[in-house]
Structures are given as C-alpha cells and as structure tokens.
1. One quarter of the convex hull surface, Cα atoms only: what value does that give for region B:24-93 in nm²?
2. Explain nothing, just compute: Karplus ³J(HN,Hα) = 6.51 cos²θ - 1.76 cosθ + 1.60, θ = phi - 60°, for every residue of region B:322-327 in order, whole Hz, x for Gly and Pro.
3. Rounded, prolate or oblate for region A:110-254? Axes are the square roots of the Cα gyration tensor eigenvalues, ordered a ≥ b ≥ c, and the cut-off for rounded is a/c under 1.5.
4. In this model, which of A:119/B:302; A:125/A:192; B:376/B:400; B:302/B:357; B:201/B:346 are farther than 26 Å apart at the alpha-carbon?
5. Could you pull out the pairs from A:25/A:221; B:29/B:316; B:52/B:382 whose alpha carbons sit more than 32 Å apart here?
6. Which whole-Hz ³J(HN,Hα) couplings does region B:402-417 yield from phi under the Karplus relation 6.51 cos²θ - 1.76 cosθ + 1.60, θ = phi - 60°, glycine and proline marked x?
7. Over every pair of different alpha-carbon atoms in the protein assembly as shown, take the mean of 1/r and invert it; report that Kirkwood radius in Å.
8. In straight Cα distance, which aspartates and glutamates are under 15 Å from residue A:40, not counting same-chain residues fewer than 8 positions off?
Amino acid sequence: MLSIKNLHASVEGTPILRGINLEVKAGEVHAIMGPNGSGKSTLASVLAGREEYEVTEGEVIFQGKELLEMAPEDRAREGVFLAFQYPVEIPGVSSTNFLRTALNQVREYRGQEPLDAVKFLTLMKEKMKLVEIDQKLLSRSLNEGFSGGEKKRNEIFQMAMLEPTLSILDETDSGLDIDALRIVSNGVNKLKSDKTATIVVTHYQRLLDYIVPDFVHVLYKGRIVKSGTKELALELEEKGYDWIKEEVDSATAV
Amino acid sequence: MSTLTKQDTFQSLLDSASSSFASIRTQAKETYLTQGLPALKEEEYKFTSIAKKLESKIQGFKYALPFAVSKEDIQSALFEGFNGDVLVFTNGKYLPELSTSPEGITISSLSEVRNTPLGSIAKPEKDPFSALNLASFSDGIFVSVPKKQKIEKPILLLSFNQANSGQVIQPRVWIEVGDFSEVTFIDHSISTSEDSYFVNKVVEIKGGLNSHVNYYRLQNESKNAIEVSNIHTDIFQDSRFTSVNLSLSGDMVRNNLTLNLLGSNSEGNMYGVYLLNGKTHVDNHTNVDHTIPHAESNELYKGILADQSRGVFNGKIFVRQDAQKTNAFQQNNNILLSEDAIVNTKPQLEIWADDVKCSHGCTVGQLDEEALFYLKARGIDKNTATGLLLYAFAGEVLEKIEEESFRSYAISLIQERLGSKF
C-alpha cells in the first residue's frame, strides 16, 4: 500500500529525515517510536503534505501513485488521513459544516454522489457512537474550547467519517488519560480492516497495549535504526531509548 | 495645480441650493466656507485624501437629478424573503409614488417638515462634508415613529444612484423614534451606472427613551463611486442602537459613524465588515461619546483586504468625566490577502472618568496557515478552505444582523465574493 524509499526531508535547510525506508501493507499496523526530536512527527507531516517541509530526496508510493506529487487535499481524497498531534481550533467554522464539506469533496473525488443533509446526519450519528463523542461538541465551532481529549476524539471521529485507507496517528495518545486513551483506541481498532493500514506515531509504549502493532520501528536521527515486533516496544518501555542511541552512535563512530 | 481644499469647489452647488431651511442652510454654508474641504495632512482625513480623489475624478460639480425606475427594478432589488416596507430614492430624492407606507409611521419629504432641527445631531461643525450637505442638499426624507410602536416589518431605504461623472448626490435622512418604540432600517444603495459620481450622505437618528433602533447598511456601489457618509445618532435613557455596516465596493468610501449616548443604561453597538479588492479604499471612522454614567458601547469591525485595496479604521471612544461605570469595548481585526493591501487601524480612547471598563484591540494578519492546512488535510480544496476561514472570520459580525432576509442576503453576497474572488 505504502512504500517509502530513501526519504530525506528538511525544515528551513536543516535535514530532519535522512533516508527513511518503510513498507506498509494492507491490514498492517506499524508503530513508529523514538526519542524526542528523532523525526517521528516530521515523517507524519511529510506524508500528509505539510508545506514547510522540503523533501530533498527519495520517493513515496501510495497505492501505485506518487504521494509527494499531490496537494494535501488530494492525498486526503486518495485515502491518507493524518490525526493531528495538535488539532487546530477554528472559531466560526462549525464542525458539521466542515465535515460535510470535507466528506462531499472526498466523495466527489472518488466519483460518489454527495450526501444530502439527512444521510449525512445519519452517518454522523452512527460514527459518533464509535468514539463516544457528544452531539453538543459537534454543534460548536471546530475544536473550539475542546479539551485535549475531546480534540483527539474528534480526530478519530473525522477519521471514521472519511474512511481513509491509510491512517497516520501522530502522538494521538499524548496528554490522554486512561479512559480517553481507551475510547480513542477502541475507535481506531473498530475502523481497522484487512483493506486499511495504520501508522501509529508515539513516544510511549502505553498506546500499543490498546492498538497492537504488527511492526515496531525505532526512529533516531532521521532514520529507522531498529525494527521488530511488539516486543520491541516493551523492551523500549523497560530500558528507555538510551541503549539504542548508544548502539547507533557507536556504530557511526566506528 | 489647483487644490480642492479651496472653499469655492462646490460653489455651484451652494449657489443653487434650495430655499427650504434657509437659515439652517445659511449657517451651514458659513461653517463649510470657514472649514473648507479637509486638507491633505489634516489628521481626521490623514489616510483618506478624499479632496484629492474628488479633484482627480470629478470636474465641475452639479446635482444629479432624480430619474425614473420601474416597479420591476425595485422588485428585483429586494432580498429573497424580504417582508417589509420599501422607501425608494433615486439620486437621493425620495419617491413616495414608488414607495410603500409603513403602518403607524409618518414619512414625508424633508421640505414638507420645515421645523425639523436638521444639523442638531450631525452637527455641521464636526465635519465639512456634513456642513456641505446641510448647506446644499436638495431634499431628503423625514421619518417619525411615534411612541410605543413596535414596527415589526423592516424598512428598506432603497437608493438607486445613476449619475454621470462629476455629479453629486446628497441624500439626507432624518429619523426620530419615539419612546418605547422599536424599528429596523436597512440602507441599501444600488449603482446603475459605472461613472465616478460623488455621494455625500447624512443620516440623523434620534432614539427616544427605551427605544430599540437597528440601522443596517450595505455599501456595494460601483467600483468608481466616491462616497462620504455621516451617520450620527443620539440615544437616550434605556435605549439601544445597533449599526451594522457592510462595505463591499466603491472607489473611495469614508464613513463617519457617531453615536452619542445621552441617557443612562443606554447601549450602542457598532459593527462592520469591509471586504475589499481591486483598489477600493474604505475608511470607517467611528465615534462613541459616553456622556452619562452606566452606558455601554460595543464595537467590532472586521476587514478582509485583497489586491491593492486599503482599509482604514479609526475608533474613537470618549468617556466624559461624569460617565462613571461606563463599559466600552472596541475591536478591529484585519486579514490581508495580498502584499499590496494596506490597513491603518487606530483606536483612540479618551477617558476622563475613573471608574470605567474600557478595552480595545486591533490585529492585522494573514490567513492562519495552520488552520488552512488542517482543512486541506481533510480533503477540502484550497479555495473552499480559504473561503470557509474568511467567512468564519467575518461571520461573527454578520450574526449581529437580526433581520433574517437581509442577513441571508449579506451572507450569500459575502460567500459568493469569498468563493469567486479569493
């Protein structure tokens, strides 16, 4: 589904990603872990098309298409979804109006009829249950005055509405209490299928108790320095990142 | 090069002024001749050199005469769902035969109500254009709402302007609203020509005890129209006045909006949106005078500027020594969509009382890139996303319009502009 080859990216001339290689197949869950500043969120942002990142080398093929050639909105329409680490508050834009606009533009791109108000509301009600989100929240402006947990839940709700093929969760767990974490993870798990894939970017292993990964990759200094199964995450939880840093730093020193 | 700051520029207008209100006109003429048009560096008109603009666009000033409009013209100018009375004007002249008569309200030409104290609210010495209008307006309209009347239907002041370059239209409106009465006005002008005519408008409004007056205004005239307006309001105890001013087009537009809070527990609201493109220049000068204790004023103006447009906001709040317990809030926010667009914004607070709550703020910025990316990342194209954000920005002001058909019309007009232009 997704094939990242030798991806290099920088911000204002400073290289952040220095050669990422990653293959993700349908039905898989990949966790990207790593210490702060290793480039985890940059990877998520580059895949979603954030403009301040400059790709200097490499390619990303998503379902046979050059992802990096596409505008952010086209990536979303093709089925890439980024759950933001910091969802933006947009006063004056109603959550419902926003979602309907987004969903209908995505549907139009996919050659589907736009949803009328009634069908849209029915769909919304159905998906709201999935993340236990309150109707009251959605009658407000987009994310305005939402708590941290409510914002993250709203991200997963939007994901449920847009039905992406590839979901990238950027530190969706950060700042969540146990209950919110459980709700968000349940939502993600219910949306998984053998046709979709999930990339979970996280600093902590905790989330992976709920969203169980097939593969765990450790990012350090802009490269994937170690890959393994979910046991690798447990090892990281126990031992921290220092041993990996040492391994990598001594290897490069030699 | 000659300059328009000379008093004789409008001599032909002054000479041919009507004979009604003779003594008021004579005084106003003297006031005007003493002041002259604002000079280039004059503080009040620093950013809006209207005299220079008039000089460059207009040669020889003459009255624009009233002209005929058909019932169909009027019908097609009404907002969808509008259910109210319509007062029709062409080039500033009230045409009763084409207008409806709102129930319970006295309406006539100003020349028929000769004891109207014109200039007592929009004082000619406050602004030379106001003085010029008072000295030389041709005729205007007198509207009087008696006491204890709730006028359910909105009253649309529908002006058709069709003048040749150099012609001057000087509308004059006097509105008095009796104690405990409520009424909503919608002031809408339509250009039927693209020439550089000059509109110099004065509206005086008096809101009695416990009255509620809404005055909504839509400026969407020709790209070449030059306009100065003076809308001055006096309100008394327990009354409320709300102005919503939407400026969407014109060459150079200057709005002087003055609100005198003359009774305690009165409330004045001044809201505005200016959505400008091309080379349109819009200047909103607002002035709130808190003369008594326990009154409140709220002010919110929002600007969206594209291309080489220019916006000016000057918000003066004057709190007199006696006006303790005043609440006065002012906010002006601007979004610039182009590097060539300019905004000059200036809060001007003069506070002489010591127990008041006053706040003001102004911002000038670009569209929030982070918000834009968020919308795009959900599949929304750039134009739609930009439109959504800009509309959200302006929407806060549009929500203040209580009259539904006008609000919907204004919203669709602005959405259309945001969708097509930006």
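1. Numbers: hull surface 33.8 nm².
Over all viewing directions, region B:24-93 projects a mean Cα-hull area of 8.5 nm².
2. For region B:322-327, the Karplus curve yields 6, 7, 5, 6, 6, 10 Hz.
3. Working: a/c = 2.71, a/b = 2.08, b/c = 1.30.
Prolate shape, in that a/c is at least 1.5 and a/b is the bigger ratio.
4. Numbers: A:119/B:302 36 Å; A:125/A:192 19 Å; B:376/B:400 29 Å; B:302/B:357 22 Å; B:201/B:346 24 Å.
Those over the limit are A:119/B:302; B:376/B:400.
5. On the way: A:25/A:221 25 Å; B:29/B:316 27 Å; B:52/B:382 39 Å.
From A:25/A:221; B:29/B:316; B:52/B:382, over 32 Å: B:52/B:382.
6. 7, 6, 5, 5, 6, 4, 4, 4, 4, 5, 5, 4, 6, 4, 4, 4
7. Numbers: mean 1/r = 0.0351 Å⁻¹.
Every distinct Cα pair counted, the radius reaches 28.5 Å.
8. Cα-Cα hits under 15 Å: A:170, A:171, A:173.
Each reported figure results from applying straightforward, stated rules to the coordinates on display, with no laboratory input. As the structure is a prediction and not an experimental result, all values here were calculated from the model. All Cβ positions, even for glycine, are placed from backbone atoms using ideal geometry, and neighbour counts span all protein chains on display.
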